[in-house]
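Shown next, in structure tokens, is the structure this report addresses.
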Amino acid sequence: MALRKIVEMGEDCLTKVCRPVTDFNQRLHTLLDDMTETLAEANGAGLAAPQVGILRRLCIVMDMESEEYIELVNPEIIAQSGEQTGMEGCLSVPGKWGLVTRPSYVRVRAQDRDGQWFEVEGEGLTARCFCHELEHLDGRLYTDHIDRFLTEEEVEELMNQEDD
């Protein structure tokens, strides 16, 4: 396994629509392993292939309840409900935060590293992560949803509210 460089906002690969994964081989397994290691090292909640310069439809999301990584290959949201507004950041937009409204519940259909289809669901922060990472696969960032970045004071205040 190896750490991959996380590209930052302004790089072309973050604005491109990714192609489906068709080869479920050792190269894919290595990429998924590298992305998981990169995500863990960055202490993030999710990482999509375009964030490491690969234009393929795959991402890693941390299930916030089990604290386990979920590998999603060719994922699509098949159900969603509710609404939540919360602070969102991105490893490709370091040090910046914004308020984003997302569904409070999301169900995703995806393939695993061997090509087998499965479904997974999440609520709260996990649902937010699913939406955030899947948008990367269509060349979109959370910044497309915000009016402005939050100030340091606003971020600190919101973090304190979450701790209460």
Could you count how many residues in region 8-28 are part of a loop (DSSP other than H, G, I, E, B) and free of Cβ contacts under 8 Å to residues at least 24 places away in the same chain?
-> 4
When only residues in region 102-120 that are touching a residue at least 40 places away in the same chain (Cβ under 8 Å) and surrounded by 15 or more Cβ atoms within 10 Å (Cβ to Cβ) count, which is nearest to residue 72 (Cα to Cα)?
-> 111
Out of all the residues in region 17-28, is one or more farther than 21 Å from residue 118 by Cβ and either in contact with an Asp or Glu (Cβ under 6 Å, 6 or more places away or on another chain) or surrounded by 17 or more Cβ atoms within 10 Å (Cβ to Cβ) (or both)?
-> yes
Filter result for residue 137 (crowded, with 20+ Cβ neighbours inside 10 Å, under 21 Å from residue 16 (Cβ atoms) and in contact (Cβ under 8 Å) with a residue 12 or more places away in the chain) | yes
Of the residues in region 144-155, those that are over 15 Å from residue 86 (Cβ atoms) and part of a helix (DSSP H, G or I) come to 144, 152, 153
In region 81-91, is there at least one residue being touching a Ser or Thr at 6+ places or on another chain (Cβ under 8 Å), under 28 Å from residue 26 (Cβ atoms) and at pLDDT 95 or above?
-> no
Filter region 29-56 for residues that are exposed (fewer than 14 other Cβ atoms within 10 Å of the Cβ) and assigned to a loop (DSSP other than H, G, I, E, B) and give the result.
-> 43
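The values are calculated or read from the model by the stated rules, or taken from the named source; none is laboratory data. Predicted model only: the values in this text are computed from it and were never measured. Cβ sites come from the backbone with ideal geometry, for glycine too, and all protein chains shown count toward neighbours.
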